[in-house]
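Visitor: Sharing a structure here in structure tokens format.
The values are calculated or read from the model by the stated rules, or taken from the named source; none is laboratory data. No experiment lies behind these values; they were computed from the predicted model shown. Glycine gets a Cβ as well: all are built from the backbone with ideal geometry, and neighbour counts include every protein chain shown. What goes into the accessible areas is simple: the full protein's heavy atoms, side chains included, and nothing from ligands, DNA or RNA. Shrake-Rupley method; radii C 1.70, N 1.55, O 1.52, S 1.80 Å.
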Amino acid sequence: MSEAILNVTNLTMNFGGIRALDSVNIDIYPGEIVALIGPNGAGKTTFFNCLTGIYTPSSGEIRLRNPETGKETRLNGMKPNRITEKGMARTFQNIRLFANMSVLENVMIGRHCRTHSLIFGAIFRNPATRKEEREIIDTSYKILKKVKLHKQVNEQAKNLSYGAQRRLEIARALATEPFLLLLDEPAAGMNPKETEALVSLIRLICSEGHSILLIEHDMKLVMSLSDRIFVMDYGKKIAQGTPEEVRSNPAVIKAYLGEDVDA
Amino acid sequence: MFPVNELKRSLLVSIWFAFLTFPIMVIKVDPIERIVTWRWDNMFFVAIGSFVLSILVKVYFVRKERRAGSKKAQTALTEPFVHRILREPRFLYPLCLACLAFAILFPHLFSAYQTNIMTTALMYVVLGLGLNIVVGVAGLLDLGYVAFYAVGAYSYALLNMHFGLGFWIVLPIGGLLAAFVGVLLGFPVLRLRGDYLAIVTLGFGEIIRLILENWNDFSQGPSGIANISRPGLFGIDLSFSASINYIYYLVVGLVIFTIFVVNRLQSSRLGRAWLALREDEIACQAMGIDKTRTKLIAFSLGAFWAGLVGVIFAAKTTFVNPASFTFLESAIILSIVVLGGMGSIVGVILGALTLILLPEYLRALAEYRMLAFGGILVVMMIFKPEGLISNVRRSYQFKKLPSSESE
Ligand SMILES: Nc1ncnc2c1ncn2[C@@H]1O[C@H](COP(=O)(O)OP(=O)(O)OP(=O)(O)O)[C@@H](O)[C@H]1O
Ligand SMILES: [Mg+2]
């Protein structure tokens, strides 16, 4: 197997007295779909927030390796926008779209970090700027087509259904051209039909060369989609492996059934 | 339809108002005769007036809520009339031409006094549009905007006094200096949000004024700098009235330039980023937008325009002193943006014209002028909190895309 694109070692995050993450180690390899599961409050979202620079971890190492250039970067202490530029993008558990902007504009914002025009371009609208603007719209539209939102391009984001908003979040993240995509509960609030469409969308995205790390409570989705699964509880990683391995792991069963855990 | 509870509250409001306005409405001190007249009848009027007003406000809100409840689906209707007109090129172009023609003919139709007032009003239009970038578009509450205005004015005054530099050279220098000061201030300050940012910028505005007031060697203190050259026109000396018209046209030109630039900025990659930042900072950062840099650009662009107008102000009055750059000035410019409708260019223009011209023509009200002015602002904010013209943003109306549909 090739080298890991994401390498997290001993990641720890304290909030005052609460240890939300306790020495978590996780590796992700190119082309994988990896799931991160665990009971409520296990620290999954906190883990994402540390990876994407929204929180600064108390200790530990986060390394991201671009699979194409082979360049490795240490992400600790980097600003969120720089991390996105490096090629890791995310969606949010509590949807954070730009509610009053159109669907298309939401995705166009995702193109921001791959484009350059500033004041000069804005005022003079020189050919380069116009070309770039066209590129932004074209790419955004293509991505919207991929997530099947192209019929609602001009709709305001807040008027979309819940499921559509989740897909728009994915589209917006894809617009930043990530090689690793982090999805925080993408199926939450979706009906079975939408979830099914989401599964094939995630497969499609993965087949196009994006590796995926997703948090999800829907076990059916997790089991059918993931190559590997990491299980967290009380900030600790308690298990990892293929879906079959994890399903039969006693520690996981205990954590999910809420019995006393002596692990 | 009015429960006793509401009546009781209105009664309380009226008593409170009567109490509040007691010192100005009831007591009248005659310093010459050294007597105090007690005008109790005024108190009565205030009480009745505020009682009626408070009931009216309540009725209004009850109605509004009912309307909102019944017409939830028809949100599209809220687009203001003006915007619907402006979207139609058929109306837009003649309207713009008419405005332009009126602006050009203005000095010939009205007296020099009127032209002068109009010049001031137009200067505030530019200031409003500049602050609109900061407050209306990027959502950064800046209460010290006047500081940048002062930087522009003093850079012309000082460069003119010490080095004899002319208006046209200093105009860009003043703007750039103000923008530079904007960057200097913005860098440490822009990580603050909302109220905190407002307080720090407020303090900054006062600091600049205090420096100008107290650093005598630099700025000649409170007495200010006089005899600043008027702008030249290819070396021709203009008569007094001609120079009034000249500055007027110059400001009209600046207004047009500003509208053009602000309009283009709003519908650019940068403008989109500003809007998105106002909606959700964390999501923006996660999408790769550099928060600090994007805010800094908005902040210093706003400052740039204040600097330009500052230079023109110094050239117009030929005299600057720190008293022109008090907090009240910042407050007025901010009111222009808020009253006009944050983010809306037309709104800001209308806001500036009303706020600057209204007090001029309210002079009849003498010392109650500012009170009436404040009253109008309060009423305005209660009934139309989104401003005169609410900013319905023109989002990308995406019709057809040849390049991506063809595959
Ligand atoms: N900013 C914060 N300040 C203090 N405590 C926090 C903060 N963010 C998260 N926590 C705590 O960290 C723990 C983990 O929370 P987190 O949101 O990561 O859980 P989660 O695994 O995503 O749960 P869920 O499945 O419900 O989304 C919780 O106990 C939470 O209260
Ligand atoms: Mg979570």
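Visitor: Of all the accessible heavy-atom surface of the stretch A:95-176, with the other protein chains kept in place and a 1.4 Å probe, what percent is carbon and sulfur?
Guide: Taking all protein chains in place, the stretch A:95-176 shows 54 percent carbon and sulfur surface.
Visitor: Which pairs, out of B:Lys295/B:Lys384; A:Lys44/A:Lys158; A:Lys146/B:Lys291; A:Lys146/B:Lys64; A:Lys44/A:Lys148, put more than 32 Å between their alpha-carbon atoms?
Guide: Result: A:Lys146/B:Lys64 exceed 32 Å.
Visitor: How would the stretch B:211-317 be classified by its alpha-carbon gyration tensor: rounded, prolate or oblate, with rounded meaning a/c under 1.5 and the a/b versus b/c comparison settling the rest?
Guide: oblate
Visitor: In addition: With a 1.4 Å probe and all protein chains left in place, how much accessible area per residue does the protein assembly as shown have, in Å²?
Guide: Accessible area per residue, the protein assembly as shown: 49 Å².
Visitor: Can you give me the distance in nm between label points at B:Thr318 and B:Phe19, each placed 7 Å from the Cα along the Cα-to-Cβ direction?
Guide: Spacing of the two 7 Å Cα→Cβ label points: 5.4 nm.
Visitor: Among B:Phe260, A:Phe47, A:Ser224, whose Cα sits farthest toward the positive end of the charge dipole of the protein assembly as shown (+1 at Cβ of Lys/Arg, -1 at Cβ of Asp/Glu, about the Cα centre)?
Guide: B:Phe260
Visitor: Counting only protein heavy atoms and rolling a 1.4 Å probe, how much accessible area do B and A lose on contact, total for both sides, in Å² to 100?
Guide: Separately minus together, B and A give about 3700 Å² buried.
Visitor: B:Lys316: which aspartates and glutamates have alpha carbons under 16 Å from its alpha carbon, excluding same-chain residues fewer than 8 sequence positions away?
Guide: Within reach: B:Asp237.
Visitor: Among B:Ala303, B:Ala18, B:Ala121, whose mean-square fluctuation peaks in a Gaussian network model of chain B (Cα, cutoff 10 Å)?
Guide: Maximum among the listed residues: B:Ala18.
Visitor: So what's the back-of-envelope 222 nm ellipticity for chain B, counting only DSSP H runs of four-plus at -39500 (n - 2.57) apiece and dividing by all residues, rounded to 500?
Guide: It lands at -23000 deg cm²/dmol.
Visitor: Next question, about the same structure. How far is the Cα center of the stretch A:54-132 from the Cα center of the stretch B:17-46, in Å?
Guide: For the stretch A:54-132 versus the stretch B:17-46, the Cα centre distance is 62 Å.
Visitor: GNM, chain B, Cα, under 10 Å: largest mean-square fluctuation among B:Arg230, B:Arg193, B:Arg63?
Guide: Most flexible of the set in this elastic network: B:Arg63.
Visitor: At A:Glu68 and B:Lys384, where each label point lies 7 Å from the Cα along Cα→Cβ, what is the point-to-point distance in nanometres?
Guide: Once both label points are built, they end up 5.2 nm from each other.
Visitor: State, to one decimal in nm, how far the label point of B:Phe187 lies from the label point of B:Arg90, with both points 7 Å from Cα in the Cβ direction.
Guide: According to this spin-label approximation, the distance is 5.4 nm.
Visitor: Once you charge only the Cβ atoms, +1 for Lys and Arg and -1 for Asp and Glu, what is the size of the charge dipole of chain B about its Cα centre, to the nearest 20 debye?
Guide: 1380 debye
Visitor: Loop-only check: which trypsin sites (Lys or Arg not before Pro) in the stretch B:83-156 are DSSP coil with at most 10 other Cβ within 10 angstrom?
Guide: none
Visitor: Hey, in the GNM for chain B with a 10 angstrom Cα cutoff, which one of B:Arg363, B:Arg66, B:Arg293 fluctuates hardest?
Guide: Its mean-square fluctuation being the largest, the pick is B:Arg66.
Visitor: Averaged across orientations, what area in nm² does the convex hull of the alpha carbons in the protein assembly as shown project?
Guide: 40.5 nm²
Visitor: Where in the stretch A:193-263 are there GluC sites (Glu not before Pro) that are in a DSSP coil and have at most 11 other Cβ atoms within 10 angstrom of their Cβ?
Guide: A:Glu208, A:Glu259
Visitor: Projecting each Cα onto the charge dipole of the stretch B:4-77 (Lys/Arg +1, Asp/Glu -1 at the beta carbon, about the Cα centre), which of B:Phe45, B:Val57, B:Met25 comes out farthest on the positive side?
Guide: So the residue furthest toward the plus end is B:Val57.
Visitor: Loop-only trypsin sites (Lys or Arg not before Pro) in the stretch A:60-99, please: DSSP not H, G, I, E or B, and at most 13 other Cβ atoms within 10 Å.
Guide: A:Lys71
Visitor: Turning to a different aspect of this structure: For helix A:192-207, what angle does its Cα long axis make with the longest principal axis of chain A, in degrees from 0 to 90 and rounded to 10?
Guide: Between helix and principal axis, roughly 80 degrees.
Visitor: Moving on to the next point. Out of the DSSP beta bridges found with both residues in the protein assembly as shown, what percent are antiparallel (nearest 5)?
Guide: Bridges in the protein assembly as shown that DSSP calls antiparallel: roughly 65 percent.
Visitor: Rounded to the nearest 20 Debye, what is the dipole magnitude of the protein assembly as shown about its Cα centre when Lys and Arg each give +1 and Asp and Glu each give -1 at the C-beta?
Guide: Value, rounded to 20: 1500 debye.
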